[in-house]
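Asker: This structure is in structure tokens; I'll ask about it shortly.
Here, each number is a calculation from the coordinates, and none is a lab measurement. Everything numeric here is computed off the predicted structure, so don't read it as measured data. Quick reminder, even Gly has a Cβ in these numbers, built from the backbone with ideal geometry, and neighbours come from all protein chains shown.
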Amino acid sequence: MRPARRRGLGLAGLMAALAGRSWGVLPLPLWSCPIRQLTGVPCPTCYLTRSVLAALRGDLVGALRLHAFGPPLVLLAAGLLWHQLVLGRALDRRALTRWIVG
């Protein structure tokens, strides 16, 4: 199996696990943010996982309330999954970096 296809299958498995967790099928324990525990101030990624899970459930308003980058992250992951699995093309990391950074 090619490494790009293996990575695509790994990404598909991760997306399936997150979707299973969002529907209550797969238990996935989440730990609390250590920065928030120490300082009481949430870090920039606090609630991002919960936002992604809410976006996978289809609750976009709730996902945006939790974190603004949750739904775009789900769309980016779905686009990468489509590109690798359905189209069968591996992504060039330099082209991806240029696309994300601008």
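Asker: What number comes out for the charge environment of residue 65, summing +1 per Lys or Arg and -1 per Asp or Glu over other residues with Cβ under 13 Å away?
Answerer: 0
Asker: At 7 Å along Cα-to-Cβ for each site, give me the label-to-label distance between residue 46 and residue 97 in nm.
Answerer: With each label point 7 Å from Cα toward Cβ, the separation is 3.2 nm.
Asker: Can you work out ³J(HN,Hα) from phi for every residue in segment 85-93, in order, using Karplus 6.51 cos²θ - 1.76 cosθ + 1.60 and θ = phi - 60°, giving whole Hz and x for Gly and Pro?
Answerer: Each residue of segment 85-93 in turn: 7, 7, 7, x, 10, 7, 8, 7, 4 Hz.
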